[in-house]
1. Taking the stated definitions as given, is A:W415 hydrophobic (A, V, I, L, M, F, W, C) and within 35 Å of the chain's Cα centre (by Cα)?
2. Mind listing just one residue for me: the one in region A:21-69 that is among the polar types (S, T, N, Q) and modelled with pLDDT of 80 or more and, of those, nearest to A:A567 (Cα to Cα)?
3. In the set A:F459, A:F427, which member is touching a Pro at 6+ places or on another chain (Cβ under 7 Å), away from every other protein chain (no Cβ under 14 Å) and part of a helix (DSSP H, G or I)?
4. Identify, from the list B:G255, B:G186, B:G171, the residue that is farther than 26 Å from B:V36 by Cβ and out of contact with any Pro (no Cβ under 8 Å at 6 or more places or on another chain).
5. Can you work out which of the residues in region B:132-158 that are of a type in the set (A, V, I, L, M, F, W, C) and at the interface with another protein chain (Cβ under 7 Å from one of its Cβ atoms) is surrounded by the fewest Cβ atoms within 10 Å (Cβ to Cβ)?
6. Quick one: count up the residues across region A:444-456 that are free of Cβ contacts under 8 Å to residues at least 40 places away in the same chain and part of a helix (DSSP H, G or I).
7. Which ones in region A:389-424 are buried (at least 21 other Cβ atoms within 10 Å of the Cβ) and more than 23 Å from A:L504 (Cα to Cα)?
8. Taking region B:260-276 on its own, how many of its residues are within 13 Å of the chain's Cα centre (by Cα) and either under 15 Å from B:I287 (Cβ atoms) or surrounded by fewer than 24 Cβ atoms within 10 Å (Cβ to Cβ) (or both)?
Amino acid sequence: MNRKNKNNIHMEDRQGKPVDSMALDDEKRIKILSPGLLVFKRFIRNKLAITGAIFILAMFIFSYFGGWLMPYREDEVFTKYVDMSKVYAAVSENTEYKFITTDNTEFPMIARSQFVLASNNDRNLFESQGVSYSIEKLADELFVVFNTREVAVVSIILGNTNVALSDPSMGPSFIERLEEAVDAGEETFTYNDKKYLLVQGKKNYLAYELEPLALATLNRYDFISADISVSYDFAFAMELAMHELMETGEKSRLITVGGVEYEMEVEEEKASIYLRNNGDRTLYANISRYLVESIYQDVFISIDFKDQVKAMMSEGVEGVQDFVYVNIDGEEEEYTIERNNTEWVIRWIEDTLVIKAYDPPSKEHIMGTDGNGMDILTRLMYGGRISLMIGFIVVVIETMIGIILGGIAGYFGKWVDNLIMRIVDTFNSIPSLPIIIIIGAMMDAQRVDPKIRMIYLMFILAFLGWPGIARMVRGQILSLREQEFMIATEATGLSVSKRIFKHLVPNVIPQLIVISTLSLGGVILTESVLSFLGLGVKFPFASWGNIINAVSNVHVMTNYLFVWIPAGFCILITVLGFNFIGDGLRDAFDPKMKR
Amino acid sequence: MTEKSKRQIAAETKERLVIEDNYIPLVHDDKYILEVNALKKYFPIKDGLLQRVTGHIKAVDGISFKIERGTTMGLVGESGCGKTTAGRTILRLTEKSAGQVLFNGKEVYDYTKKELQAIRPQMQIIFQDPFSSLSPRLPIREIIGEAVREHEIVPRNEFNDYINDIMENCGLQPYHRDRYPHEFSGGQRQRICIARALALNPDFVVCDEPVSALDVSVQAQIINLLMDLQDKFKLTYLFISHDLSVVEHISDTIGVMYLGDLVEFGRKEDIFRMPLHPYTKALFSAIPVPDPTAKINRILIEGSMPSPANPPKGCKFHTRCQSCMEMCKTVVPVQKEIEPGHYVVCHLYNDYEGA
């Protein structure tokens, strides 16, 4: 070799002398490609890999931009109005006593049932919870219940009447009245506007002071307004008047209660009460045996409606009968009435708000709605976000753990390598699916928040997935470490950090990219499986896996294909895409592949 | 033979595993850039569950030689005799087991890691395989210039010119700077390796079979390049090769290695004129002569090289030596200076009282 000669040629080149155009000048002939560009070139020539890349790109755009463009929220529940025949009110003949208590008193429930027993057995005294009560029968099915207090014991010994007072405040005039009553054989007597009861014992009489407590009646009072409630005095007066009118056969009567004048009109077993005011009369209340009650607590049924219903019932209702009620505003309302044994059920057609469950695809919901009334397309997009995000984060975490541990094992070798590889072996022997299932069940039991649960899930998947990557990195670094170019870096005296990051790492990265891409598909699949089993991503968060979960219901699986097929298709496309890309990258990184 | 007790065997094994480190310390002479004294490199053989050391592969088993400044020493020997290990141990790319390596009068193994890193540029290595010795993911300018920047050999603004100069000196075009190793032929890659070593402005370069992987025409180019560069930069080479004609062409002194031992060492002229060791004789008789009519009296060495893990007792070469004596099988020969600067390790010259 003649070096001088060669140098001369260089001199000419550098001085910019014209070069022979026929010379094969490397500079013009060969396009310089870095290894990265070469890989890229090989990658884009691989049709399958490009298909995969398009799949993944499409999935990304669908999930991220789609979710951004969709007007609906991830967990938005859609509803619609449906005309539904619903029970509005029920009518029944009253067979239970209604107790109208005096002001500021209470008639306990237990005592009420004791009253029913006593009245059925014609007893006029009963006791409940240590309190004595007495009953006065005013008419059939009309009673007054009194609070009873023993005031005196009257004993007659050899014709001499002896009175023992429990209450010393009672004067001698009361004893006179008492003896008078005993002599006359009266059961009740009044003294000082108070009622007293005499009960004959074996050898003596017991005297009780009676305090009115409640009126027991089977009649119901329907007022014109929900604000009015029935008072004892009013009811007492009305019941007596009604009873008397029915006995005498009179049609109407004027009654004054508490300074207000009422007029009562009786017809068969019903009575109407009018409020009289300077000769005008307005309907105030109705009394009847029928109880008309709405099933809605806050609905007050007007007296007109009740009248109309009662009139129909007295005519007799057969089957389902329609009727129209004109309300106060003059609007017609349609109802149906139906007899049901001793009850009458009134139904109306109501606009009911229902969840749009399993709504087939429509303009509003292009892919329909799922069982929770949520838009499937929206949920697919958000689910894609979560599935892809989980996939990426898991792979990033496991790659990081893998690089660090595998790198340490490979670079330092010896016992460090041994230790780390045994840990890797241990992790590889853990059955990951059962472990994840157990952890999922534990999180179910702990009621972990769905968002935090998602984070846990990522860490668990990464924690179980790193050994493969660590092993690969370690093997790669072990083989690279012995390559002559690594010895050359030592011989040229490069720092350790430069040797690792400039020489070792770039040479591991190709394999790392390939294995990461391939494991992305795997992670997404695992996540779907877990979500499908209900152990992964939880409602309200969507994931492709938990969308497919709908097929666990056979009815949904066979009848609502649009609910679960798209999610399955998304998973298929994404995993396929990642696998295509991974294969493409592997081929592209392999210099022996000439494509 | 009485049966040995277990304890005796254990004691013997222990004794066997001790690496002897006896040598007479060298007195540094400034005309030598590198002085190697009784250098040993044993690789441990680990066995069993606990990976206990059960033996050693004696890759380099006590070699001593000196290289003068600006000269080339050729180190020859058949495959596996420890040439490459010797080269790498001298540069402290693998740790020595025993012995002394003085570079410019200083013990290489006394440097701390930091000091060693600072001294690295002065002693470089060119590898045998130009394909695996270049990182595939770096462009040429990085491969050559990386360490230049690290050691701040030239100021930052002169960096590009410096790299271009080095590349030109090594027969590369400056426009190759941005290319990657895969775009070069073997010869070009070896030039890149040489450029990488020379960019650090070294005094001493170990050429570890730099031409074995290349075809013959390129070999000549590379050898001439190395010689030109030696003139230009006043380099000292330790030229490791198994190719005697190449060694003859480039070397000033020659060392012949066999199974970890330096069996003969001397000036090139002396050795080619009068090879002393039977192994050297056999080697030199194998040099092809470009004359079909010439009759060559080839000395054939039979058998293969014994395992360096369990070398023969006495003279290591006695199993294959044609002039083997009874003594060779038991007594380890010592180095003898037959003529000034011409050393041999062989019992044949025990009676020689010369020099």
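The values are calculated or read from the model by the stated rules, or taken from the named source; none is laboratory data. Predicted, not measured: the structure shown is a model, and the values here were computed from it. Don't worry about glycine lacking a Cβ; one is built from the backbone with ideal geometry, like all the others, and counts go over all protein chains shown.
1. On the way: hydrophobic (A, V, I, L, M, F, W, C): yes; within 35 Å of the chain's Cα centre (by Cα): no.
Against the criterion (hydrophobic (A, V, I, L, M, F, W, C) and within 35 Å of the chain's Cα centre (by Cα)), A:W415 does not qualify.
2. Within region A:21-69, the match that is nearest to A:A567 (Cα to Cα) is A:S63.
3. One residue alone meets the criteria, A:F427.
4. Working: B:G255 fails: farther than 26 Å from B:V36 by Cβ; B:G186 fails: out of contact with any Pro (no Cβ under 8 Å at 6 or more places or on another chain).
Just a single option satisfies the conditions, and that option is B:G171.
5. B:A147
6. Within region A:444-456, the first condition is being free of Cβ contacts under 8 Å to residues at least 40 places away in the same chain, and the residues that meet it are A:445-449, A:452, A:455-456.
In the following step, the residues that additionally are part of a helix (DSSP H, G or I) were identified as A:445-446, A:452, A:455-456.
Matching residues across region A:444-456 total 5.
7. If the condition is that a residue be buried (at least 21 other Cβ atoms within 10 Å of the Cβ) and more than 23 Å from A:L504 (Cα to Cα), then A:I390, A:G391, A:V394 are the ones that fit.
8. Here is the first cut: in region B:260-276, the ones within 13 Å of the chain's Cα centre (by Cα) are B:260-262, B:265.
Narrowing the set further to residues that are either under 15 Å from B:I287 (Cβ atoms) or surrounded by fewer than 24 Cβ atoms within 10 Å (Cβ to Cβ) (or both) leaves none.
Going through region B:260-276 one residue at a time, the tally reaches 0.
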